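Computed from the coordinates by the stated procedures, all read-outs in this text should not be read as laboratory data. Since this is a predicted model, take the numbers as computed values, not measurements. Virtual Cβ from ideal backbone geometry, glycine too; neighbours counted across all protein chains shown.
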Amino acid sequence: MIPGEQTSNTAEYRALIAALQIGHRHCPAGAVEIVLVSDVVIKQMLGTYGVSASNPELRLLRDQALNRAQMLPQVVLTKGTRDDTGRAYQEARQALSVDLTDSLLKDE
């Protein structure tokens, strides 16, 4: 892999971590549903699949996502399509009335 290049699972974990962070900020006492494209990421989060020891970055991202998920009372990970995630992004953006791009770049 070229330095700086991401796999789709790396990108999906980064998006998941950001979504969990936003969920914690805006809905700390409620259930949060997150639509993901990757079956692998969902199964890794549920513990059905492991994360390869040869991919420490992905393992770190999975651990960060698990830690953030534990901060919420309920997290539902739903399998969706790329079209679903695009619609979800637009709906979340409208519902929160914030620029998610800026939110994703800010550290908690």
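Name every residue in segment 59-75 that is closer than 18 Å to Tyr49 by Cβ and part of a strand (DSSP E or B), in order of residue number.
First, the residues of segment 59-75 that are closer than 18 Å to Tyr49 by Cβ: 59-66, 69, 75.
Val75 - this is the single residue of segment 59-75 that is closer than 18 Å to Tyr49 by Cβ and part of a strand (DSSP E or B).
What number of residues within segment 37-51 satisfy the criterion of being among the aliphatic types (A, V, I, L, M), under 14 Å from Ala15 (Cα atoms) and not in a helix (DSSP H, G or I)?
To start, the set of residues in segment 37-51 that are among the aliphatic types (A, V, I, L, M) comprises 37, 40-42, 45-46, 51.
Then drop every residue that is not under 14 Å from Ala15 (Cα atoms), which leaves 37, 41-42, 45.
From the residues that got through so far, the ones that are not in a helix (DSSP H, G or I) too are 37.
Selection size over segment 37-51: 1.
For first residues located in segment 39-55 and surrounded by 11 or more Cβ atoms within 10 Å (Cβ to Cβ), partners that are among the β-branched types (Val, Ile, Thr) and not in a helix (DSSP H, G or I) and lie 6+ apart or on another chain with Cβ distances below 6 Å form the pairs Gln44/Val51.
If you go through segment 19-41 and keep only what is farther than 16 Å from Leu72 by Cα and of a type in the set (Gly, Ala, Ser), you end up with just Ser38.
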